[in-house]
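Notes follow the structure.
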Amino acid sequence: MQLVNGYKLMEYAKEKELVLPAFNTTNYELTAGIIRGYQKKGLGGYIAISSSNLKLSSPKIIADMVKSVMKDAFVPVALHLDHGKSFEDVKACIDAGFTSIMVDASHLPFEENIEEVRRTVEYCHFYGIPVEAELGAISGKEDDHISEEDAKTNPRDVKEFVERTNCDLLAVSIGNVHGMDLTPNLDFSLLEEIASSSSVPLVLHGGSGIPFDQVRRAKKQNLIKVNYGSDLRQAFIRTFGQAYESNHNEFDIMSLSKSAIDNVENRVKAIITEVNEK
């Protein structure tokens, strides 16, 4: 199956009343495990890679790899740039066939954030690609970037930000954190305020540390997407770590890679089930 446009995936989520997971990939094993998990559950979502992880490859390599794994799949999956840090990355990803884009200018002052997002939106909308933006700062470790800043989204800024940028999704900071080293503490009163001010669906980053019952509760406040990265990477890394601890002479990378794909797939299936449990 071909990758689907991000707008189509959002329509799919609304029709089925789903919260879509966005699973971050870095390599073939994670990609295969993610797509197999979607396929086994019969539900779609996002597969994503951040700008920082593109250092290991390129947008074209990632897009070709995802398309190759998707060829026998029948579930709708969009390929998403997560935490796009430069306009050059955005353009390269669209050229490579990405079908959804996030521009992360949340570290900039409010007016500069708006300016950068608006520039990206104008470019992406020309190609019919939806754009996610971020308002507020999320602390924790995201790939190779560590942020100690934790500035929750100001609900008074939301309406103006969305209207002036024309973004299609809004990532918010309500006590969610990146990585597994910090404990999230979601502020649901704040989320409700933000949801009432936002004309676009909301996104939570740092899903790996958020209890599933809180994700399901957040779904009631126009949440459409939750990002998962650390959870799957742990499943992948643990496969090789346990094998090495059992046998320091282990060298069968083929068998271990297959096991890693299975472990990632199982984690993906568990997350999809929990997030959308009625």
message: Within region 22-66, name every residue whose backbone N is under 19 Å away from a label modeled 7 Å from Cα of Tyr244 along the Cβ vector.
response: 26-30
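Say R0 is 45 Å: what FRET efficiency, to the nearest 0.05, do Glu111 and Asn266 get from their beta-carbon distance?
Values: r = 45 Å, r/R0 = 1.01.
For R0 = 45 Å, the calculated efficiency reads 0.50.
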- request: Can you tell me the equivalent ellipsoid semi-axes for the chain? Use √(5λ) from the Cα gyration tensor, largest first, whole Å.
  value: 29, 21, 18
Angle between the chain longest axis and helix 110-126 axis [Cα atoms, degrees, rounded to 10]: 70
statement: Semi-axes (Å, rounded, descending) of the ellipsoid equivalent to region 10-92 per its C-alpha gyration tensor are 22, 16, 10
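Counting helices only, and only those DSSP H runs with n ≥ 4, report the 222 nm mean residue ellipticity of the chain as the sum of -39,500 (n - 2.57) divided by its residues, in deg cm²/dmol to the nearest 500. Don't skip to the end; give the middle numbers.
Values: 10 runs with 132 residues, N = 278.
So the helix-based figure for the chain works out to -15000 deg cm²/dmol.
Work out, in µm²/s and without decimals, the Stokes-Einstein translational diffusion coefficient of region 37-142 at 37 °C, 0.692 mPa s, Rh from Kirkwood over C-alpha pairs. Walk me through the numbers before you get to the answer.
Numbers: Rh = 14.5 Å.
Estimated diffusion coefficient is 226 µm²/s.
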- prompt: Residues with amide H under 5 Å of Gly84's amide H, sequence separation 5 or more or different chain, H placed in the peptide plane at 1.01 Å from N; which?
  reply: Ser51, Met102, Val103, Asp104
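How large is the accessible surface per residue of the chain, computed with a 1.4 Å probe and reported in Å² as a whole number? Don't jump to the answer; show the numbers that get you there.
Details: 12550 Å² over 278 residues.
Counting only protein heavy atoms, the per-residue value for the chain is 45 Å².
Looking at region 1-74, which chymotrypsin sites (Phe, Trp or Tyr not before Pro) are in a loop (DSSP not H, G, I, E or B) and have at most 13 other Cβ atoms within 10 Å?
Working: sites: Tyr7, Tyr12, Phe23, Tyr28, Tyr38, Tyr46, Phe74; in loops: Phe74.
Here the sparse-neighbourhood loop sites are Phe74.
Which is the longest stretch in the chain that no exposed loop site breaks, taking sites as GluC sites (Glu not before Pro) with a DSSP loop state and at most 14 other Cβ atoms within 10 Å?
Values: sites that count: Glu17, Glu148, Glu149, Glu250, Glu277.
Counting only loop sites that pass the neighbour cut-off, the longest clear stretch is 18-147.
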- line: the chain, Gaussian network, Cα under 10 Å: of Leu20, Leu170, Leu256, the residue fluctuating most is Leu256
Simple spin-label estimate for Tyr127 and Phe188 in nanometres, 7 Å along Cα-Cβ: 4.0
message: Given a Förster distance of 45 Å, report the FRET efficiency between Phe251 and Ser196 from their Cβ-Cβ distance, rounded to the nearest 0.05.
response: 0.20
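The values are calculated or read from the model by the stated rules, or taken from the named source; none is laboratory data. Fair warning: this is a prediction, and the values are worked out from it, not measured in the lab. FYI the Cβ positions are ideal-geometry reconstructions off the backbone, even for glycines, and counts take in every protein chain you see. Heavy atoms of the whole protein, side chains included, go into the accessibility calculation; ligands, DNA and RNA do not. Shrake-Rupley method; radii C 1.70, N 1.55, O 1.52, S 1.80 Å.
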